[in-house]
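Asks: Here it is, the structure, as C-alpha cells.
Read-outs: derived from the displayed coordinates by stated rules, not from any lab. No experiment lies behind these values; they were computed from the predicted model shown. Neighbour counts run over all protein chains shown; Cβ positions are idealised from the backbone, glycine included.
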Amino acid sequence: QVQLVESGGGLVQPGGSLKLSCAASGSIFSIYAVGWYRQAPGKQRELVAGISSGGSTDYADSVKGRFTISRDNAKKTVYLQMNNLKFEDTAVYYCNRDGFYARVLAGKPGGSWGQGTQVTVSS
C-alpha cells in the first residue's frame, strides 16, 4: 500500500497560481493511478484531475486549460499546477490513488482520504 500526503495550499488572489504536491510513502507508487479531488463547503467531493500509471491525464471541464497534473515517480510525488485561479476553485484539495484508472476517474479510489490542503481564492 501507499500513503499520500497533500501540501502546497494557501490563500491566493483571483488569477494567481499555486502548485500542490501529493507525496507518497510506502513501497509501491508507480503502479497507481492518482487523482486530485476537491470539496467545497456544502458540496460533495469532485474529481479535479487524474493521471494514470502510464501518464495519461484527464481534467474536469471547470479546470481544463488552467490546471495541469503531473507525476514524478522517482520522487514519488504527484503535482497539481493551478493557474488563473477563480473564486470557485476554493476548496479542500485531496489526492488519492487506485490500481485502476477508471476508479480514479469515477471518484472511487481505493486509498484512504487524508487531511487535504486548503486552497482559498479571495480578493
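Asks: What 222 nm value per residue comes from the helices of the chain, counting each DSSP H run with n ≥ 4 as -39,500 (n - 2.57) and dividing by all residues, nearest 500 deg cm²/dmol?
Replies: -1000 deg cm²/dmol
Asks: Summing Lys, Arg as +1 and Asp, Glu as -1, what charge do residues with Cβ under 12 Å from the Cβ of Gly15 carry, Gly15 excluded?
Replies: Cβ neighbours under 12 Å give a net charge of +1.
Asks: Whole number please: convex hull volume per residue, Cα atoms of the range 49-113, in Å³.
Replies: 99 Å³
Asks: Checking a compactness column here: for the chain, what do you get for Rg(Cα) / (2.2 N^0.38 Å), N being the number of residues?
Replies: Its radius of gyration relative to the 2.2 N^0.38 Å reference: 0.97.
Asks: Which of the aspartates and glutamates could be linked to Lys19 by a straight reach, that is with a Cα gap under 20 Å, when you skip same-chain ones fewer than 8 residues away?
Replies: Glu6, Glu46, Asp58, Asp61, Asp72, Glu88, Asp89
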